[in-house]
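Here the structure comes first, spelled out in structure tokens, and everything after it is commentary.
The values are calculated or read from the model by the stated rules, or taken from the named source; none is laboratory data. The structure displayed is predicted, hence computed values, not measured ones. All Cβ positions, glycine included, derive from the backbone under ideal geometry; neighbour counts span all protein chains shown.
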Amino acid sequence: MRKYFNSLWILGLGTLVVFPLLAWPIFYFTGQNWGDVLACSSESIWSIFNFLSAGIIFGLLMIWMTELSYFEQSLAKYKNLLTQFELNRGHVIFLSICAGVGEEIFFRGAIQPLIGIIPTAVIFVAIHGYFSLKDMKVNIFAAALTAFIILLGWAAQELSLWHAIAGHFAYDLVLLAYYRKTA
């Protein structure tokens, strides 16, 4: 139990700290500043709740997909990865916040303005290990996840990075909470 707590704490903090640190030189060399990246207009602040909702809905959709017998064998390794940790409620919330903030600052805040929404989304999903050269069923799941990440990319570009953070947080929260219960 203690081993999992320590590794989850380090994983979360690492995500929250390392990704923004990786974004920092990109911001510097592209002339972006943290204030602009993290800005949110007062007109769009209330629509952040829409992206919390989108993250919840998409998280539920992904859970539904993973529970379909069609995907059972193909997605088993992903389900096992999520259920191997002894997650408690605190872990679920902490990891969801860390991933939402850290990864979105790097991918949507730093990388996306350089290469665009779709390439960033594909890289994001690929880095998380959801594409396969051997299993087309995994690629169907990856394509669905990529569609959601494209939505987050659009939100970051057109509304604010906080919209993408909210959607990412809610998605992770739903998935981690579900797999915490099934472990």
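Check region 165-177 and report whether any residue there is touching a residue at least 12 places away in the same chain (Cβ under 8 Å), farther than 17 Å from Phe94 by Cβ and either of a type in the set (S, T, N, Q) or touching a strand residue (DSSP E or B) at 6+ places or on another chain (Cβ under 8 Å) (or both).
No, the conditions are met nowhere in region 165-177.
In the set Tyr78, Tyr70, which member is exposed (fewer than 14 other Cβ atoms within 10 Å of the Cβ) and hydroxyl-bearing (Ser, Thr, Tyr)? Quick ask: steps written out before the conclusion?
On the way: Tyr78 fails: exposed (fewer than 14 other Cβ atoms within 10 Å of the Cβ).
After applying the criteria, what remains is Tyr70.
Condition check: modelled with pLDDT under 95 and in contact with a helix residue (DSSP H, G or I) (Cβ under 8 Å, 6 or more places away or on another chain). Does Tyr130 satisfy that? Step through it out loud before you land on a result.
On the way: modelled with pLDDT under 95: yes; in contact with a helix residue (DSSP H, G or I) (Cβ under 8 Å, 6 or more places away or on another chain): yes.
Against the criterion (modelled with pLDDT under 95 and in contact with a helix residue (DSSP H, G or I) (Cβ under 8 Å, 6 or more places away or on another chain)), Tyr130 qualifies.
Looking only at region 19-33, decide whether some residue is outside any helix (DSSP H, G or I) and either touching a residue at least 40 places away in the same chain (Cβ under 8 Å) or touching a strand residue (DSSP E or B) at 6+ places or on another chain (Cβ under 8 Å) (or both).
Going through region 19-33, the residues outside any helix (DSSP H, G or I) turn out to be 31-33.
Filter again for either touching a residue at least 40 places away in the same chain (Cβ under 8 Å) or touching a strand residue (DSSP E or B) at 6+ places or on another chain (Cβ under 8 Å) (or both), leaving 32.
Checked against the condition, which is being outside any helix (DSSP H, G or I) and either touching a residue at least 40 places away in the same chain (Cβ under 8 Å) or touching a strand residue (DSSP E or B) at 6+ places or on another chain (Cβ under 8 Å) (or both), region 19-33 yields at least one hit.
Of all residues in region 52-80, how many are among the aliphatic types (A, V, I, L, M) and outside any helix (DSSP H, G or I)?
Within region 52-80, the first condition is being among the aliphatic types (A, V, I, L, M), and the residues that meet it are 52, 54, 56-57, 60-63, 65, 68, 75-76.
Still in the list and also outside any helix (DSSP H, G or I): 68, 75.
Summing the residues that are among the aliphatic types (A, V, I, L, M) and outside any helix (DSSP H, G or I) in region 52-80 gives 2.
Which residues, taken from region 41-51, are surrounded by fewer than 18 Cβ atoms within 10 Å (Cβ to Cβ) and in a helix (DSSP H, G or I)? So that I can check it myself, show each step before the final result.
Pass one, region 41-51, residues surrounded by fewer than 18 Cβ atoms within 10 Å (Cβ to Cβ): 41-47, 49-50.
Across region 41-51, the qualifying residues are Ile45, Trp46, Ser47, Phe49, Asn50.
Of everything in region 116-163 that's aromatic (Phe, Trp, Tyr) and in contact (Cβ under 8 Å) with a residue 24 or more places away in the chain, which residue is surrounded by the most Cβ atoms within 10 Å (Cβ to Cβ)? Let's see the steps before the verdict.
Start the filter on region 116-163 by keeping residues that are aromatic (Phe, Trp, Tyr), which leaves 124, 130-131, 141, 148, 154, 162.
From what's left, in contact (Cβ under 8 Å) with a residue 24 or more places away in the chain: 124, 130, 141, 148, 154, 162.
Numbers: Phe124: 24, Tyr130: 18, Phe141: 22, Phe148: 21, Trp154: 16, Trp162: 21.
Taking the candidates together, the pick is Phe124.
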